[in-house]
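The values are calculated or read from the model by the stated rules, or taken from the named source; none is laboratory data. If you're wondering where the values come from, they're calculated on a predicted model, not measured in any experiment. Positions of Cβ are backbone-derived with ideal geometry, glycine not excepted, and every protein chain shown enters the neighbour counts.
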Amino acid sequence: MRPHGTGSGLAAGDVTPAVLAIGRPDFPNILIDTLRRQAGVGHCMVFALTRAGAASCLLDVGNIPTGGDLGAAYAGQFHQSDPNRDALFEGEGSGPIVLPSFAPRMYGARYRKIFFNDSNIVDKCATAIWTGDTCFYVNFYRITAQGRFSDAQRARLQAIAPAIGASVARHFQQAATATPDQNLAALFATRAPLSALTPREQEVCCRILLGLSSEAISQALGISLHSTLTYRKRAYERLGISAQNELFGIVLRLLAEPGRLN
């Protein structure tokens, strides 16, 4: 099951904090906070899988105390017996992947005991995205105290999964010292339609995405408020949009496009 795009049902700000934290040391905490607010996720783990058979745990954050041990066990041997493995590798190059809904019967007895029963995990959703030879496999969990994901929470996860998966992939491909403004500047410099804007229009739009008001943008760039509003209007016209939430939507859609994360 693959979503049709990041724009359906996504409002500006839904996953923006995680997008803007790409490359920063606090990305894991901002990611789990975003997932909790949007879909009630208790824990998130990210694995990197390669077609050559290697696996590693890149991220373990949330409310499962034994998450680190689970990550090491999965990367060490259990990734080979993951019932989602075929779907992950069959989806190489096809865009963001949303895995089938969790069902205990999908898993072998030993796998189920270690990764669910002993860890108090009662539900799981997952997404994945390939970049080059690496599959970034993003797993979302809820524990016994939380209960299973509701239908509404599953729908939210499906809506935001492409942007979350792409953000995770980009984060682990970038230096940890990258800043949000550097991330956005690189996106505007290299990706259409954002790259079609003039340098000043790009500067204004970057600061809009960083949450600055028009007055603050004017001060930061040393231009008048009238000029700031003019650059914003021209940029929106070039992009074919009329509101800030549509600008956020363009950025999220670009991040979620397959094969364009390098």
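Is the stretch 20-31 home to any residue that is at pLDDT 95 or above and charged (D, E, K, R)? The answer is no; no qualifying residue exists.
Return yes or no: is Ile208 outside the structural domain of Leu70 (by TED's automatic domain parsing), surrounded by 14 or more Cβ atoms within 10 Å (Cβ to Cβ) and touching a residue at least 24 places away in the same chain (Cβ under 8 Å)? The answer is yes for Ile208.
Can you name the number of the only condition in (1) under 20 Å from Pro25 (Cα atoms); (2) modelled with pLDDT of 95 or more that Ser150 fails? Of the numbered conditions (1) under 20 Å from Pro25 (Cα atoms); (2) modelled with pLDDT of 95 or more, the odd one out for Ser150 is (1). Within the stretch 102-124, residues that are over 11 Å from Thr144 (Cα atoms) reach partners that are surrounded by 19 or more Cβ atoms within 10 Å (Cβ to Cβ) and acidic (Asp, Glu) with beta carbons closer than 6 Å, at six or more positions or on different chains, in the pairs Phe102/Asp123. With respect to the conditions (1) at pLDDT below 90; (2) not in a helix (DSSP H, G or I), Ile223 lacks only one, and its number is (1).
From the list Val46, Val61, which one is modelled with pLDDT of 95 or more and in contact with a Phe, Trp or Tyr (Cβ under 7 Å, 6 or more places away or on another chain)?
Values: Val61 fails: in contact with a Phe, Trp or Tyr (Cβ under 7 Å, 6 or more places away or on another chain).
After applying the criteria, what remains is Val46.
Which pairs do you get when a residue that is among the basic types (Lys, Arg), found in the stretch 52-70, comes within reach of a residue that is assigned to a helix (DSSP H, G or I) and modelled with pLDDT of 95 or more, reach meaning Cβ atoms under 8 angstrom, with the pair 6+ apart or on two chains? Listed by first residue and then by second, the contacts come to nothing, as the list is empty.
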